[in-house]
Structures are given as C-alpha cells and as structure tokens.
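I have placed the structure first, in the form of structure tokens, so that the comments after it can refer back to it.
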Amino acid sequence: MMRYGLAVLTLLVPALLCLNAWQGYRYNQLSGSVSSLERQQKDLLEANRDAIAEIAYERSPSRVEEKASKSFPLAPVDQEHLTRILIQGSGGQGQ
C-alpha cells in the first residue's frame with residue numbers, strides 16, 4: 001500500500017508542476033489580451049470624444065451660418081420688402 005501511495009505522489013508532483021506552468025502561460029496570454037483591449041478601449045473613447053467635439057463645432061450657429069453663406073447666396077431682407085400674412089386658426093369651432 002505504501003508503494004502505491006509513493007508511486008501516486010511521484011506522478012502527482014510533476015503533473016501539478018506542469019499544470020502550474022500551463023496556468024502561468026494562460027495567465028500571461030490573457031494579460032496580454034486584456035492590455036490590448038484596454039488600449040483599444042482608450043483609443044475608441046478618444047475617438048468618441050473627438051467626434052462629439054466635432055459635432056458640437058459643426059452645430060454651432062457661426063459654423064451653420066458659414067456653411068449656408070457658401071452654399072446659398074443669402075442676404076438679410078430689407079423690412080420694406082416683407083409682406084406679413086396673418087392666418088387665423090379655426091380655434092376648435094365646427095366648420
């Protein structure tokens with residue numbers, strides 16, 4: 001019986017050492033993957049922040065006016081040339 005215990009122990013120690021080495025290898029691989037994903041996330045967050053800033057810039061009134069003046073020949077209208085039309089609603093009364 002003592003021989004079997006010694007034989008199992010003799011085989012178990014190298015097996016546990018191999019298992020420990022394999023776990024260390026897997027940990028290093030996963031650590032590299034996590035680092036890569038963290039860098040990618042940081043890059044995406046920076047790109048998102050830049051896109052939000054660009055959207056805010058493009059929506060600013062001065063930028064809209066600049067684009068409109070380049071695309072369409074717009075000019076302020078003289079108040080003398082305006083005609084105002086008053087449209088009265090039905091007010092919910094039967095027609």
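How far, in degrees from 0 to 90, does helix 61-71 lean away from the longest principal axis of the Cα atoms of the chain, to the nearest 10?
70 degrees
Using a Gaussian network model of the chain with C-alpha springs under 10 Å, which one of 79, 23, 40 is most mobile by mean-square fluctuation?
Highest fluctuation among the options: 79.
Measure off 7 Å from each Cα along the Cα-to-Cβ vector at residue 65 and residue 20, then give the distance between these two points in nanometres to one decimal.
Calculated label separation equals 7.4 nm.
Calculate, for residue 13 and residue 38, the FRET efficiency according to 1/(1 + (r/R0)^6) with r their C-beta to C-beta distance and R0 30 Å; round to the nearest 0.05.
Numbers: r = 37 Å, r/R0 = 1.24.
In this case the efficiency is close to 0.20.
Multiply the residue gap between residue 75 and residue 58 by 0.36 nm, knock off their C-alpha separation, and tell me the result in nm, one decimal place. Before the final figure, lay out the partial values.
Details: separation 17, 0.36 × 17 = 6.12 nm, distance 2.12 nm.
Full extension from residue 75 to residue 58 adds 4.0 nm.
For a test of the definition: using alpha carbon positions, the gyration tensor, and the 1.5 limit on a/c, classify the chain as rounded, prolate or oblate. Spell out each step's value before the answer.
Working: a/c = 12.70, a/b = 3.42, b/c = 3.71.
Oblate, since a/c reaches 1.5 and b/c is not below a/b.
Read-outs throughout are calculated quantities, based only on the coordinates presented, and are distinct from any laboratory measurement. Predicted, not measured: the structure shown is a model, and the values here were computed from it. Please note: Cβ atoms are built from the backbone with ideal geometry, for glycine as well, and neighbour counts cover all protein chains shown.
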